[in-house]
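Asks: Once you've had a glance at the structure underneath, I'll fire off some questions.
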Amino acid sequence: MTAKITGAVLLALLFCVPFAVQSEFWLSFWLLVLMYAFLGQAWNVLGGYGGQFSFGHALFFGIGAFGTAILQVRHGLNAYAAGAIAIALGAIVGCAVGLLVFRYRLRGAYFALVTLAFAEVARILISSFDYTGSGFGMLVPLARGAANFQFEDRRIFYVIAWTLVVIGALIAWWLENSRFGARLMAVRENEDAAQALGINLIRTKVFAITLSGAMAATVGVFYVQNFLFVDSHLAFGPAMSIEALLVSIIGGMGTMFGPLFGAVVLHALGEAAKQVTGNAPGLNLAFYGLLLILALRFLPNGITGLLSRRMARRSSERAHA
């Protein structure tokens with residue numbers, strides 16, 4: 001309970017950031033924290049609650065990002081319509097990948113490698129055609145206004161990102177308290193036992209990856225509308241997939257506020273490392289790898305697990321006092 005209360009308090013405090021912080025740098029910093037917290041929650045739905053470790057969530061993020069960019073630039077669609085279609089495409093691709101992969105009961109390292117391969121294939125394909133910007137990326141034309149989902153005041157983007165994190169927490173709460181969530185967590189614990197109890201493994205996991213894909217694509221849509229640019233190396237690259245899983249692992253997999261804790265810690269340490277090293281090329285991936293090793297070694301249940309252990313220790317001490 002302590003971890004949930006702490007997460008709720010942190011989320012409430014983060015809502016005050018755009019009204020208390022005047023620096024553009026820090027507003028951008030916290031906006032990215034929230035964006036990656038929701039991306040981590042997308043991974044958490046599949047990896048934390050479902051036990052299916054994906055190394056390719058950049059696939060869904062990239063589909064959302066490039067989908068909305070292509071529909072606006074090449075076909076002249078309204079930003080909102082383009083975003084809705086791109087999110088739907090993320091869900092459809094998630095469903096297709098799930099049907100293809102889970103049908104053959106791929107899991108563990110095999111599932112992780114297959115998802116990584118899908119993201120890499122998508123990156124190569126997107127980089128190969130002029131229609132998708134080749135290797136140069138796509139620039140969404142500047143047209144400030146709420147009708148184009150482009151706002152002069154970046155605090156509006158911040159509030160939208162904060163709202164997405166709230167929605168992500170509510171989805172996690174639903175998984176923890178619904179029958180579907182119970183089935184999904186049963187699959188995570190033991191697939192054979194879950195199947196013996198009558199749970200449809202394919203249907204359960206496909207729904208989870210469909211929901212996860214839609215959530216990750218939503219982050220891609222938000223990213224493009226915020227920065228008005230996307231390229232294949234950023235959208236489909238391994239760094240995006242690694243960050244999605246890292247914030248969940250560091251914060252605590254299968255928990256409501258774990259991705260939020262992880263995003264805050266990861267980006268705070270990452271920014272500190274940039275200041276010390278001058279943002280050396282390739283530093284982020286090396287830093288992420290080191291953090292992943294340390295988290296798995298010393299925080300197997302993440303920051304949420306650490307908070308829970310401290311609460312249990314305090315309760316025990318009070319009981320013996």
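The values are calculated or read from the model by the stated rules, or taken from the named source; none is laboratory data. It should be emphasised that the depicted structure is a prediction, and the values quoted were computed from it without experimental measurement. Positions of Cβ are backbone-derived with ideal geometry, glycine not excepted, and every protein chain shown enters the neighbour counts. We work out accessible area using only protein heavy atoms, side chains counted, and drop any ligands, DNA or RNA first. Shrake-Rupley method; radii C 1.70, N 1.55, O 1.52, S 1.80 Å.
Asks: Just one of [x] 97, 62, 51; [y] 66, 51, 36; [z] 113, 57, 45 is Cα extents along the principal axes in Å calculated from these coordinates, so which is it?
Replies: Given [x] 97, 62, 51; [y] 66, 51, 36; [z] 113, 57, 45, the structure-derived one carries the label [y].
Asks: Using helices alone, what [θ] at 222 nm do you get for the chain, with -39,500 (n - 2.57) per DSSP H run of 4 or more residues, divided over all residues and rounded to the nearest 500? Numbers along the way, then the final one.
Replies: On the way: 15 runs with 237 residues, N = 321.
Mean residue ellipticity, 222 nm, calculated: -24500 deg cm²/dmol.
Asks: Further, regarding this structure: Set the Förster radius R0 to 35 Å, insert the Cβ-Cβ distance between Leu139 and Thr163 as r into 1/(1 + (r/R0)^6), and round the FRET efficiency to 0.05. Intermediate results must be reported in sequence, preceding the final value.
Replies: On the way: r = 27 Å, r/R0 = 0.76.
Approximately 0.85, to the nearest 0.05.
Asks: Counting only the heavy atoms of the protein chains, how much of Glu24 is accessible to a 1.4 Å probe, in Å² to the nearest 10?
Replies: The accessible area comes out at roughly 100 Å².
Asks: If you don't mind, there's one more thing I want to ask. Could you state the number of Å between the C-alpha centres of the range 169-228 and the range 11-68?
Replies: Rounded to whole Å, the Cα centres lie 17 Å apart.
Asks: Pulled fully out, how much extra length does the chain show between Ile92 and Ala268, if you take 0.36 nm times their separation in residues and subtract their Cα-Cα distance?
Replies: Numbers: separation 176, 0.36 × 176 = 63.36 nm, distance 3.43 nm.
The Ile92-Ala268 span can extend by a further 59.9 nm.
Asks: Also, quick follow-up: So for the chain, taking the charge dipole from beta-carbon charges (+1 Lys/Arg, -1 Asp/Glu), which of Leu32, Gly67, Leu99 sits furthest toward the positive end?
Replies: Farthest towards the positive end: Leu99.
Asks: Continuing with this model, one more query. How much accessible surface does Asp192 have with a 1.4 Å probe, in Å² rounded to 10?
Replies: The value for Asp192 is about 90 Å².
Asks: Taking a probe of 1.4 angstrom, what is the accessible area of Leu116 in Å², to the nearest 10?
Replies: We get 60 Å² for Leu116.
Asks: Now a separate question. Pick out, from Tyr223, His233, Leu201, the residue whose Cα sits farthest towards the positive end of the charge dipole of the range 178-237, with +1 on the Cβ of Lys and Arg and -1 on the Cβ of Asp and Glu.
Replies: Positive-most Cα among the choices belongs to Leu201.
Asks: Under a Cβ-only charge scheme (Lys and Arg +1, Asp and Glu -1), can you give me the dipole magnitude of the range 1-142 about the Cα centre, in debye to the nearest 20?
Replies: Values: 6 positive and 3 negative charges, 94 e Å.
With Lys and Arg at +1 and Asp and Glu at -1, about 460 debye.
Asks: Net charge near Gly50: determine it from the other residues with C-beta under 9 Å of the C-beta of Gly50, scoring Lys and Arg +1 and Asp and Glu -1. Walk me through the numbers on the way to the answer.
Replies: Values: positive: Arg188, Lys205; negative: none.
For residues surrounding Gly50, the net value is +2.
Asks: A further question on this structure: Within the range 121-271, what whole-number % of the accessible surface is contributed by carbon and sulfur, with the 1.4 Å probe and all protein chains included in the calculation? Intermediate values should be presented prior to the final figure.
Replies: Working: 4180 of 6270 Å².
The value for the range 121-271 is 67 percent carbon and sulfur by accessible area.
Asks: Specify whether the C-alpha gyration tensor of the range 53-118 places it in the rounded, prolate or oblate class, a ≥ b ≥ c being the square roots of the eigenvalues: rounded for a/c under 1.5, otherwise prolate if a/b is larger than b/c and oblate if not.
Replies: Working: a/c = 3.90, a/b = 2.59, b/c = 1.50.
Because a/c hits 1.5 or more and a/b exceeds b/c, the range 53-118 counts as prolate.
Asks: For the chain, calculate the relative contact order in percent as a whole number, restricting contacts to Cα pairs under 8 Å that are 6 or more residues apart. If you can, show how the numbers build up before the last one.
Replies: Details: 486 pairs, mean separation 103.0, N = 321.
Reported relative contact order: 32 percent.
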